[in-house]
Amino acid sequence: MLSTFDVNVIQRDQAISGMKKVMDPDAFLSALRTSQPELNITSVKLSYLRYRPTQSCLAAYQVVIQDTATPMLIHATAFNSKAWNKLPTLSDKYHFVLQNQVLVSLFPGDIKLPALAQLMNHDSRQKILKTLLPSKVKAWSSDLETLAYKPQRRYVGRIHLEDTTSVLLKHYAKRNYDKSASATMIDCPTTSQLRIPRTLGQSPHHQCLAFEWLPGRLLEAEITTNPTNHDLYSSGAALADFHALTTDGLPQRSLPMQADKLSAHATTIAQLHPPLASLAHKLATRINQYRLQAAPVFQRIHGDFAPSQIILMEKGQVAIIDNDQNICGDPLEDLGLFIAHLLRHQYKGKLTPQQAESLIESLIEGYQSTTQKKVTHALRYHIAAGLFSLAHRPFRSRKPNWPEAMHKILEQINDILHSSHRQIS
């Protein structure tokens, strides 16, 4: 059942006529049963929502089929008229029109990931892997385990080899493939602190990349179960090594790009909940004003740095993974976004305020131990920018009272921007 806030969002965005159908699980279930009775659907669960005001609304569902143990993955996209008219004609078994301007895709069908269905088929997957990994003959007939899937953006899978090793495979939407292929070609000598997964193969035709599999413990899981200052210290030290890597071929993240991104976030927040519009735009302006005054810095940065991008390996090494969004920018951006994720864990009750503060301090100390330079108080602006980029997440992840959760994030950003000390938890 949709909340009053959800209904208000739908009513404000008249450009996307099918928005209610994809956002409302009850309405979606009813429409699916009417349109595809042969599927024998018993229930649906909305797991993810990606909304671009006036453009499109994508909803990812786990769909339970009668007498089937594993839920089916389905995503439905409601488009505006212009985008709908640009869609290609689809005549395969994975796609159908639910109503005018609403397209439903049954996994592995995906209009932006054309090789996904081929990867799920053993015979066609072999052909792709021969192109992607021509020297790894044993990989061609291997099984593929799904690790992550973002509809219309990226698929991530693990290829299990006979010798117990693995290869990581990623399939990208066309608009992201070239950038990711360039960003992940990193000249990184192995150090005592840092490991980077090597690129093992590329297939531009299939929009696929293959990477070295690095075993270890995911920091994201450690933080929420057994957080240690040593892990954060090591992660900070490894990040400093990462920032010292070459920037060959990487584009620069310009000030206009950064300003446009923040403004777009503010506009989305305003569209979702108009009472937050003034505060959101004020905060975006404050952060952008700082960036205009700051001296530009261009080093290799991760671009999406979070605890989920860190693997804690044996012998104290730290692996930084998922380098698809590497770019030239200010290293404080990575630190700021990482700390923003820690603060979100604190807000969700996964960390106490004392734990969050201690882990943040350890991260910064580890970073400073490698750079031999103090992190400046300008970090708070980058923490604020990181939190601002996460402010819409309560809506996306379907939190019951998402306007209140968004408001608390904005208030936290405001407090950070007005703080005079680096302590931000």
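The values are calculated or read from the model by the stated rules, or taken from the named source; none is laboratory data. Being a predicted model, the structure only gives us computed values, none of them experimental. Glycine also receives a Cβ, built like all others from the backbone with ideal geometry; neighbour counts cover every protein chain displayed.
Which one of Arg344, Arg380, Arg398 is basic (Lys, Arg), touching a residue at least 12 places away in the same chain (Cβ under 8 Å) and over 26 Å from Ala238 (Cβ atoms)?
Arg398
If a residue counts only when it is buried (at least 17 other Cβ atoms within 10 Å of the Cβ), outside the structural domain of Pro189 (by TED's automatic domain parsing) and touching a strand residue (DSSP E or B) at 6+ places or on another chain (Cβ under 6 Å), which helices (runs of 4 or more DSSP H) contained entirely in the stretch 319-425 have at least 3 such residues?
Ranges flagged: 331-347.
When the stretch 139-150 is examined, which residues are found to be surrounded by 14 or more Cβ atoms within 10 Å (Cβ to Cβ) and either of a type in the set (Gly, Ala, Ser) or touching a Phe, Trp or Tyr at 6+ places or on another chain (Cβ under 6 Å) (or both)?
Hits for the stretch 139-150 are Ala139, Ser142, Tyr149.
Tell me which helices (runs of 4 or more DSSP H) are completely within the stretch 1-101 and hold 2 or more residues being surrounded by fewer than 19 Cβ atoms within 10 Å (Cβ to Cβ), or say none if there are none. Let's see the steps before the verdict.
Values: elements: 4-12, 19-23, 25-35, 81-86.
Filter on the stretch 1-101 gives 4-12, 25-35, 81-86.
Right, Pro197: at pLDDT below 90 and either out of contact with any Cys (no Cβ under 7 Å at 6 or more places or on another chain) or in a loop (DSSP other than H, G, I, E, B) (or both) or not? First the steps, then the outcome.
Values: at pLDDT below 90: no; either out of contact with any Cys (no Cβ under 7 Å at 6 or more places or on another chain) or in a loop (DSSP other than H, G, I, E, B) (or both): yes.
Against the criterion (at pLDDT below 90 and either out of contact with any Cys (no Cβ under 7 Å at 6 or more places or on another chain) or in a loop (DSSP other than H, G, I, E, B) (or both)), Pro197 does not qualify.
Mind counting the residues in the stretch 272-317 that are in a loop (DSSP other than H, G, I, E, B) and of a type in the set (Val, Ile, Thr)? Reasoning before the result, please.
Keep residues of the stretch 272-317 that are in a loop (DSSP other than H, G, I, E, B), which gives 273, 294-298, 302-306, 313, 317.
Then drop every residue that is not of a type in the set (Val, Ile, Thr), which leaves 297.
So the answer is 1.
Condition check: without any contact (Cβ under 8 Å) to a residue 60 or more places away in the chain, small (Gly, Ala, Ser) and surrounded by 13 or more Cβ atoms within 10 Å (Cβ to Cβ). Does Ser278 satisfy that?
Judged against the criteria, Ser278 is not a match.
Hey, could you check the stretch 210-232 for residues that are part of a helix (DSSP H, G or I) and in contact with a Leu (Cβ under 8 Å, 6 or more places away or on another chain) and say which is surrounded by the fewest Cβ atoms within 10 Å (Cβ to Cβ)?
Thr224
Cβ-Cβ distance below 8 Å, separation of 6 or more or different chains: which pairs start in the stretch 110-138 with a residue that is surrounded by fewer than 16 Cβ atoms within 10 Å (Cβ to Cβ) and end on one that is part of a helix (DSSP H, G or I) and not aliphatic (A, V, I, L, M)?
Ser124/Gln118; Lys127/Gln118
Quick one: would you say Gly349 is out of contact with any Lys or Arg (no Cβ under 8 Å at 6 or more places or on another chain) and at positive phi?
When the stated conditions are applied, Gly349 passes them.
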